[in-house]
1. Report, in deg cm²/dmol and to the nearest 500, the calculated mean residue ellipticity at 222 nm for the chain, where each DSSP H run with n ≥ 4 adds -39500 (n - 2.57) and the sum is divided by the residue count.
2. Can you give me the convex hull volume of the Cα atoms of the chain, divided per residue and expressed in Å³?
3. Nearest 10 degrees is fine. How inclined is helix 21-66 to the longest principal axis of the chain, computing both from alpha carbons?
4. At what distance in nm do the modelled label points of LEU15 and SER54 sit from each other, each positioned 7 Å from its Cα along Cα→Cβ?
Amino acid sequence: MSNSVFAFNTFTDFLAMGKHGLYVWLSFGITLGVMGLNVLLPWLAKKNYIKQESRRLRWEAQNESGS
């Protein structure tokens, strides 16, 4: 039985993941990318909505006072 605490002997072995490294790290990358988009896209949509509403309210205020 091995005295090693880790499943891999070297960091290179860890990155290679027993020849499954490409699949493993690509999966992690895609997952992190999707999670990032799940945070970023609603934040950008809210920012855009607030900007549009601000413009609309200014436009309505100008048209009411001008009439």
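Readers should treat all values here as calculations from the given coordinates under stated rules, not as data from a laboratory. Given the structure is predicted, the values throughout are model-derived calculations rather than measurements. With ideal geometry, Cβ positions are generated from the backbone for all residues, glycine too; neighbour counts draw on all protein chains shown.
1. Details: 2 runs with 52 residues, N = 67.
Counting only the DSSP helices, I get -27500 deg cm²/dmol.
2. Values: hull volume 7.1 nm³, N = 67.
Per residue, the Cα convex hull of the chain comes to 106 Å³.
3. Around 10 degrees separate the two axes.
4. Here the answer is 4.5 nm between the modelled labels.
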